[in-house]
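> Can you keep this structure in mind? I'll have questions shortly.
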Amino acid sequence: MALDDGLVEILREDLAQVTNVTEKRMFGGLCFMLNGNMLCGVHKNGGMFRVGKEHEAAALAISGARPMDFTGRPMAGFIDVDDALMGDDDRRQQILALAQAYVGAMPAK
C-alpha cells in the first residue's frame, strides 16, 4: 500500500515537539507510537487515531471521522479519518489532542 508522504509529514510536524514518539510500520501504513503505545498513523486512504472509548464520541462528532473497521468490525477506541480531515489543521489537532490525552495516560511499554 502506498502511503501519502504529505500526510506522514503533517503528523511528523504535529508530533515534532512531543517526547518519546517513534515511528513503526504496521497495518500496511505508518504508526506513530507514544511511549511504545500506538497513538496515530497514516494509511492509504487517510489516517487513524487511538482516542480510547471515553473520547470516541467526541472524536466521531468531528466531520471526517468515522469508526475504524479495517477488520470488517469497528475497533472500539480507534478512529479512522479521511484525507480532508488530515489536511485540516483545526480538526486534526482536535483529534490528535484526544489521542494524546488517552495514550499519554497509558503506562510506557
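The values are calculated or read from the model by the stated rules, or taken from the named source; none is laboratory data. Remember, it's a predicted structure, so these values are computed and weren't measured experimentally. Please note: Cβ atoms are built from the backbone with ideal geometry, for glycine as well, and neighbour counts cover all protein chains shown.
> Identify the residue in the range 1-53 that is under 15 Å from residue 85 (Cβ atoms) and of a type in the set (Gly, Ala, Ser) and, among all such residues, is surrounded by the most Cβ atoms within 10 Å (Cβ to Cβ).
Per the stated criteria, the residue is 47.
> In this structure, is residue 11 at pLDDT 95 or above and either small (Gly, Ala, Ser) or within 16 Å of residue 92 (Cα to Cα) (or both)?
In short, yes.
> If I ask for residues that are of a type in the set (Gly, Ala, Ser) and more than 10 Å from residue 95 (Cα to Cα), which ones from the range 36-60 would you list?
Residues satisfying the conditions are 36, 41, 46, 47, 52, 57.
> If you don't mind, there's one more thing I want to ask. Just one of 46, 77 is at pLDDT 95 or above and small (Gly, Ala, Ser); which is it?
Step by step, each of 46, 77 is checked, and only 77 is at pLDDT 95 or above and small (Gly, Ala, Ser).
> Let me ask another. So, residue 77, is that one surrounded by 18 or more Cβ atoms within 10 Å (Cβ to Cβ), without any contact (Cβ under 8 Å) to a residue 60 or more places away in the chain, touching a His at 6+ places or on another chain (Cβ under 7 Å) and not hydrophobic (A, V, I, L, M, F, W, C) or not?
no
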